[in-house]
Amino acid sequence: MTTSTDTTVDAVIIGAGFSGLYMLHKLRDEMGLRARVFETGAGVGGTWYWNRYPGARSDSDSYIYGYTFDQELWESWEWSERYPECHEIRGYLEHVADRFDLTKDITFGTRVDSATFDESREVWTVTTDSGETVTATYVISAVGALSASNTPTFAGGDSFAGPTLHTGHWPHEGVDFTGQRVGMIGSGASAVQATPLIAAQAREFTVFQRTANYIVPANNGPVDPEVKAERLKDWAGIRERIQNSNFGFELYLQEKGAADASDEEREALLEDFWSRGGFHIWLGSYADIFFTTEANDLVRGFLDRKIREKVDDPETAELLVPKGHPFGCKRNPLDSGYFETFNEPHVHLVDVKSNPIAEITPTGLRLTDGAEYEFDALVFATGFDAMTGPLDRIDIRGRGGTLLRDKWEEGPRTYLGLMSHGYPNLFTITGPQSPSVLSNMPVSIEQHVDLVGRIIADLRARGARTIEPSKDDEDRWCDYNQEIAHATLFPTADTWYMGANIPGKPRVFLPNLDFVGPYRAKCDQIAANGWEGFAIDGEATPASEHVYTWAVAG
Ligand code: N01
């Protein structure tokens, strides 16, 4: 039993979002370990503690946007809409924390500054911004993939005199834009969700768009009570299906390629997916759209037409039609009235690709051609330093005192996206080079938490002290990851998947493309083969070929 002041524990968990909460429950309640969680926010929720901008909600269907590890927990919660809104998700996570009495082992309002591996004692020393030092055998990073917000640096810095907001850490009391002139930089998923709601309040609303996105309808709303009741009863079936799916959704890519379907057939299928809303048209679509430009262009043509149908002004429509990247290789946002918002006379779209932002000014901003825009409030919907950013912001030192961010200077280096050589007993839940952001996150989170639980239980059963990947298998995993990514169109797009949104960030594909089910099967086989690819107390078991075999291609 831990207390929130213990300075020696079995495990330190960094973050109290979906990952950290389940990790605490797993280690403490299921395995009897002493664990402490440190969380920067004043409450549970992780990403969902901070993302409270208007319209913030998950793009995953609510019935699968939660834990499945406990049937009673599954049956104890009812979502109100198809996609859960941010406050409801926080409410759900508070419900989970209450149910398992988790908060007593969470230290809130406290950031982990550093984690240093002591080679002689084989323990980690963790320090926090409150001055605490804790020693732990295991450190589990549950910091999330999209939690380090990105505010681009512009000339003029923070000279804007009015309120400057970032969607990724929105004021908890909310913001009233009534009667204001509001500028928003960015047109990704957060901007797409916030636009209709901010525009509804603002007197003038201007979106500064660098890259147009393929945005598909969400079709949010209440869920048919009968469907809800069926799902509530089908806990085991849904759990089994999403765990073995491609992306953690009940969506399956078409066997037939877009290029093999007749025009009528393709049109009918895409129209059906479009009308259903959500990720059908992306993750239930033709598999060849991820591999060939020819197939991708066929679906793009359909989507381009849809945008032009929704937007009245042809010039604005033209700007909103994505150019220069394939559909599906940049995260497509879900829309609840985004395009239609630009039909309102007080809403404006400004292209900052051809005419970039030159400077932030006390009254607004100036573009490269000298055009000036004035606002009462400025919103940065400029996203995150994805996947590696949250880890880079902590001083993590492994063997030889090497900083993890230095080791990852040219891009993340991991085995399975779970561990990095030279950092024994440090686990990264949904870390870079795991399926992570290419899936419905709770599914991948549960899989990684369960895996970490199995690894730790096995180490303890053997009386072993440490586990870390072998250098050889880490190198092979990194090469394999890039190889499979480059067999697809993903690397052709400038996206945060590629680190392309952060100036100076190495251009490498960050997640893993094994897909959820095959990746899970791979991890299970690795466990069955005695943790191949890992060294336990320095003794390595080389990974066999199945680890570097891509089921998706088969
Ligand atoms: O961030 P983004 P986001 N000058 O990186 C622009 C998840 N999410 O917060 O595309 C001008 O997508 C940038 O332009 P470009 C989801 O996975 C999930 O919207 O880089 N513009 C882009 O338009 C999502 O993908 C949900 O050219 C600049 C925007 O800012 C991820 O979070 C809901 C700029 C950033 O878009 C990130 O979404 C919301 C500059 N210097 C988000 N720098 C759920 O469903 C950046 N931009 C759970």
Task: Sequence of Arg460, Arg28 when ordered by accessible area, the most exposed leading, probe 1.4 angstrom - done: Arg460, Arg28
Task: Leading residue at positive end of dipole, the chain (Cβ point charges), from Gly157, Phe515, Val437 - done: Gly157
- [ ] Evaluate the charge dipole of region 164-380 about its Cα centre and quote only its size in Debye, nearest 20, assuming +1 on the Cβ of each Lys and Arg and -1 on the Cβ of each Asp and Glu.
- [x] 640
Task: Residues of region 124-161 with amide N under 16 Å of a point placed 7 Å along Cα→Cβ from Phe69 - done: 139-144
- [ ] Give the Cα extents of the chain along the principal axes, in whole Å, largest first.
- [x] 69, 57, 47
Task: Dipole magnitude of region 264-399, debye to nearest 20 (Cβ charges: Lys/Arg +1, Asp/Glu -1, about Cα centre) - done: 780
Task: Å² per residue, accessible surface of the chain at 1.4 Å - done: 38
Task: Angle in degrees between helix 441-462 and the longest Cα principal axis of the chain, rounded to the nearest 10 - done: 10
Open item on the list: Taking amide H atoms as placed 1.01 Å from N in the peptide plane, list the residues 5 or more away in sequence, or in a different chain, whose amide H sits under 5 Å from that of Val143.
Closed with: Ile429
Open item on the list: For the pairs Lys330/Lys353; Lys233/Lys522; Lys310/Lys353; Lys330/Lys505; Lys306/Lys330, flag any whose C-alpha to C-alpha distance is greater than 21 Å.
Closed with: Lys233/Lys522; Lys310/Lys353
TODO: Please label the shape of region 398-488 as rounded, prolate or oblate, based on the square roots a ≥ b ≥ c of the eigenvalues of the alpha-carbon gyration tensor (a/c under 1.5 means rounded; beyond that, a/b larger than b/c means prolate, else oblate).
DONE: oblate
- [ ] Name the long-range amide H neighbours of Ile13: under 5 Å, sequence gap of 5 or more, or other chain; modelled H, no Pro or chain starts.
- [x] Arg36, Val37, Phe38, Ile140
Task: Dipole magnitude of region 102-185, debye to nearest 20 (Cβ charges: Lys/Arg +1, Asp/Glu -1, about Cα centre) - done: 300
Task: Amide proton proximity set for Gln254, modelled H, under 5 Å, gap of 5+ - done: Ser285, Tyr286, Ala287
- [ ] Step through the residues of region 382-399 one at a time and calculate ³J(HN,Hα) from phi using the Karplus curve (6.51 cos²θ - 1.76 cosθ + 1.60, θ = phi - 60°), rounding each to whole Hz and writing x for Gly and Pro.
- [x] 9, x, 9, 7, 6, 6, 8, x, x, 6, 4, 7, 10, 7, 9, 10, x, 4
Task: Candidate aspartates and glutamates for bridging to Lys228, where Cα separation is under 14 Å - those fewer than 8 sequence places away on the same chain excluded - done: Asp61, Glu75, Glu78, Glu81
Task: Percent carbon-and-sulfur accessible area, the chain, ignoring ligands, DNA and RNA, probe 1.4 Å - done: 49
- [ ] Go through Ala142, Ile185, His280 and say which Cα lies farthest out towards the positive end of the charge dipole of the chain; charges sit on Cβ, +1 for Lys and Arg, -1 for Asp and Glu.
- [x] Ala142
- [ ] Kindly state, to the nearest 0.05, the FRET efficiency for Ala236 paired with Glu81, given R0 = 22 Å and r defined as their beta-carbon distance.
- [x] 0.35
Open item on the list: Considering all projection directions equally, how large on average is the shadow of the alpha-carbon convex hull of region 164-380, in square nanometres?
Closed with: 14.7
TODO: Give me the angle, in degrees from 0 to 90, between the Cα long axis of helix 516-528 and the longest principal axis of the Cα atoms of the chain, rounded to the nearest 10.
DONE: 10
Task: Contour minus Cα-Cα distance for Thr541 and Glu309 (0.36 nm per residue) - done: 77.7 nm
- [ ] Work out how much length Glu271 to Asp458 would gain on full extension: take 0.36 nm times their residue separation and subtract the Cα-Cα distance, in nm to one decimal.
- [x] 62.3 nm
Task: Helix-only [θ]222 nm of the chain, DSSP H runs n ≥ 4, -39500 (n - 2.57) each, per residue, nearest 500 - done: -9000 deg cm²/dmol
- [ ] Using Cα centres only, tell me the gap between region 352-369 and region 29-60 in whole Å.
- [x] 36
Task: Karplus 3J(HN,Hα) series, Hz, for region 307-323 with 6.51 cos²θ - 1.76 cosθ + 1.60 (x for Gly, Pro) - done: 5, 5, 5, 8, 9, 5, 7, x, 5, 5, 4, 4, 5, 7, 7, x, 10
Open item on the list: Output wanted: per-residue J couplings in Hz (rounded whole) for region 7-14, from phi through Karplus 6.51 cos²θ - 1.76 cosθ + 1.60, θ = phi - 60°, x for Gly and Pro.
Closed with: 9, 10, 9, 6, 9, 9, 10, 9
Task: Rounded to the nearest 10 Å², the accessible area of His421 at probe 1.4 Å - done: 60
TODO: Using label points projected 7 Å from each Cα along Cα→Cβ, tell me how many nm separate Ala42 and Ala287, to one decimal.
DONE: 5.0
TODO: With r as the distance between the Cβ atoms of Ala528 and Arg121 and R0 = 45 Å, compute the FRET efficiency 1/(1 + (r/R0)^6) and round to 0.05.
DONE: 0.90
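The values are calculated or read from the model by the stated rules, or taken from the named source; none is laboratory data. If you're wondering where the values come from, they're calculated on a predicted model, not measured in any experiment. Here the Cβ is made from the backbone with ideal geometry for all residues, glycine too, and neighbour counts use every protein chain on show. For the accessible areas, the whole protein counts, side chains as well, though only heavy atoms, and no ligand, DNA or RNA atoms are used. Shrake-Rupley method; radii C 1.70, N 1.55, O 1.52, S 1.80 Å.
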